[in-house]
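Visitor: Before I ask anything, here is the structure I am working with.
The values are calculated or read from the model by the stated rules, or taken from the named source; none is laboratory data. Please read these numbers as outputs of a predicted model, since none were measured by experiment. Reconstructed Cβ throughout: ideal geometry from the backbone, glycine too, with neighbour counts over all protein chains shown. To get the accessible areas, we keep the full protein, side chains included, count just its heavy atoms, and leave off ligands, DNA and RNA. Shrake-Rupley method; radii C 1.70, N 1.55, O 1.52, S 1.80 Å.
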Amino acid sequence: MTGPLTLEAVGLSVGGRPLFAPLSLTVAPGEVVTVMGPSGSGKSTLLSHLCGTLPPAFRAEGRVRLGERPLDGLPPERRRVGILFQDDLLFPHLSVGENLAFGLPAGLDRSTRRRRVEAALADARMEGFAERDPATLSGGQRARIACLRTLMADPEALLLDEPFSKLDAELRQRFRGFVFDHARDRTLPVLLVTHDPEDAAAAGGRIVRLNSPM
């Protein structure tokens with residue numbers, strides 16, 4: 001069973017300058033917590049720290065756990081933390097099906113991989129798209145494929161770095177529901193970074209504002 005994502009007095013600094021006051025937070029399985037703050041407050045940098053890709057110019061303090069597992073010091077591939085960005089980051093040289101298969105755990109046989117890809121496409125209402133070039137997809141279709149590829153890696157937590165910001169209003173509403181429903185179905189703790197109050201309202205959970213350091 002997925003456990004909570006726990007931050008204990010987590011702080012980030014660059015050049016000796018703290019980005020925000022130390023943050024302590026527990027995100028329960030199936031809960032979506034929204035992080036808001038002005039540009040430059042460290043929202044996206046916080047997500048980079050949680051998924052293990054913090055640039056070396058930054059220094060991190062505090063502790064992070066996922067369930068009972070400490071994440072500090074682990075490489076990204078061992079954290080079991082998925083992340084979605086503003087851009088879908090699909091691989092242009094791979095088909096839609098190959099993009100989805102890229103997210104699957106290693107060691108699965110070919111038939112199992114094919115079944116999982118077909119099931120994911122059916123889930124996205126995109127049956128028959130496995131051989132398609134990603135360049136032929138609409139923005140909404142690309143977004144759904146990027147989300148499913150992340151979830152197919154079986155993460156134990158999900159980070160959302162403004163993944164809705166480049167979509168038009170109608171598509172944004174549908175894709176938000178798609179992401180939140182899938183994350184809750186898997187009882188994943190979710191941390192959403194956004195500038196948009198509508199994203200926070202759609203998430204329906206707590207809102208945490210990054211405070212400037214004293």
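Visitor: Could you pull out every residue, at least 5 positions away or on a different chain, whose amide H is within less than 5 Å of the one on residue 157? Hs are placed 1.01 Å off N in the peptide plane, and Pro or chain starts have none.
Guide: Sorted by chain and number, the residues that satisfy this are 82.
Visitor: Just to verify a number: FRET efficiency for residue 95 and residue 209, C-beta to C-beta distance, R0 = 41 Å, to 0.05? Write out the running numbers ahead of the final one.
Guide: Numbers: r = 42 Å, r/R0 = 1.02.
Calculated transfer efficiency: 0.45.
Visitor: If each DSSP helix of 4+ residues adds -39,500 (n - 2.57) and the sum is divided by the residues in the chain, what number results at 222 nm, nearest 500 deg cm²/dmol?
Guide: Roughly -9500 deg cm²/dmol at 222 nm, from the helical runs in the chain.
Visitor: Angle check, please: helix 110-123 long axis (alpha carbons) against the longest principal axis of the chain (alpha carbons), in degrees 0 to 90, nearest 10.
Guide: Its long axis makes an angle of about 80 degrees.
Visitor: Tell me which of 192, 19, 175 sits at the most positive position along the dipole axis of the chain, charges placed on C-beta atoms (Lys, Arg +1; Asp, Glu -1).
Guide: After comparing all options, I get 19.
Visitor: May I pose another question? Can you give the accessible area per residue of the chain, in Å², using a 1.4 Å probe?
Guide: The answer is 50 Å² per residue.
Visitor: Now, a different point. For a paramagnetic label modelled at 7 Å from the Cα of residue 185 toward its Cβ, which residues of region 1-37 fall within the zone defined by backbone nitrogen distances under 18 Å?
Guide: Zone members listed by number: 2, 30-32.
Visitor: Next question. If Lys and Arg each add +1 and Asp and Glu each add -1, what is the summed charge of the other residues whose beta carbon sits under 9 Å from the beta carbon of residue 62? Don't skip to the answer; put the middle values down first.
Guide: On the way: positive: 63; negative: 8, 61, 72.
For residues surrounding residue 62, the net value is -2.
Visitor: Among residues other than residue 42 whose Cβ falls under 13 Å from its Cβ, what is the net charge (Lys/Arg +1, Asp/Glu -1)?
Guide: On the way: positive: 17, 43, 59, 209; negative: 61, 161.
Taking every other residue near residue 42 into account, the sum is +2.
Visitor: Taking only Cα atoms, what is the 0 to 90° angle, nearest 10, from helix 139-152's long axis to the longest principal axis of the chain?
Guide: Computed tilt is about 80 degrees.
Visitor: Same structure, new question: Place +1 on the Cβ of every Lys and Arg and -1 on the Cβ of every Asp and Glu in the chain, take the dipole about the Cα centre, and give the residue among 5, 40, 126 whose Cα lies farthest towards its positive end.
Guide: Working it through, the farthest residue towards the positive pole turns out to be 5.
Visitor: Counting only protein heavy atoms, what percent of the accessible surface of region 53-175 is carbon or sulfur at a 1.4 Å probe?
Guide: On the way: 3490 of 6910 Å².
Looking at region 53-175 in its full context, I get 50 percent from C and S.
Visitor: For the chain, set up a GNM with springs between Cα atoms under 10 Å and report which of 85, 129, 175 has the largest fluctuation.
Guide: Looking only at 85, 129, 175, the biggest GNM fluctuation is shown by 129.
Visitor: How many angstrom lie between the Cα centre of region 1-51 and the Cα centre of region 59-75?
Guide: That distance is 11 Å.
Visitor: Give me the angle, in degrees from 0 to 90, between the Cα long axis of helix 169-185 and the longest principal axis of the Cα atoms of the chain, rounded to the nearest 10.
Guide: Computed tilt is about 80 degrees.
Visitor: Related question: By accessible area of protein heavy atoms, probe 1.4 Å, what ranking do 114, 144, 149 get, highest first?
Guide: Working: 114 125, 144 60, 149 35 Å².
Descending accessible area places them as 114, 144, 149.
Visitor: Based on the alpha-carbon gyration tensor of region 112-205 and its eigenvalue square roots a ≥ b ≥ c, which shape applies: rounded if a/c is under 1.5, prolate if not and a/b is larger than b/c, or oblate?
Guide: Working: a/c = 2.31, a/b = 1.37, b/c = 1.68.
It is oblate, given that a/c is not under 1.5 and a/b is not larger than b/c.
Visitor: Same structure again: With Cα Rg over 2.2 N^0.38 Å as the read-out, I listed (i) 1.03; (ii) 0.93; (iii) 1.48; which label goes with the value calculated from this structure?
Guide: (i)
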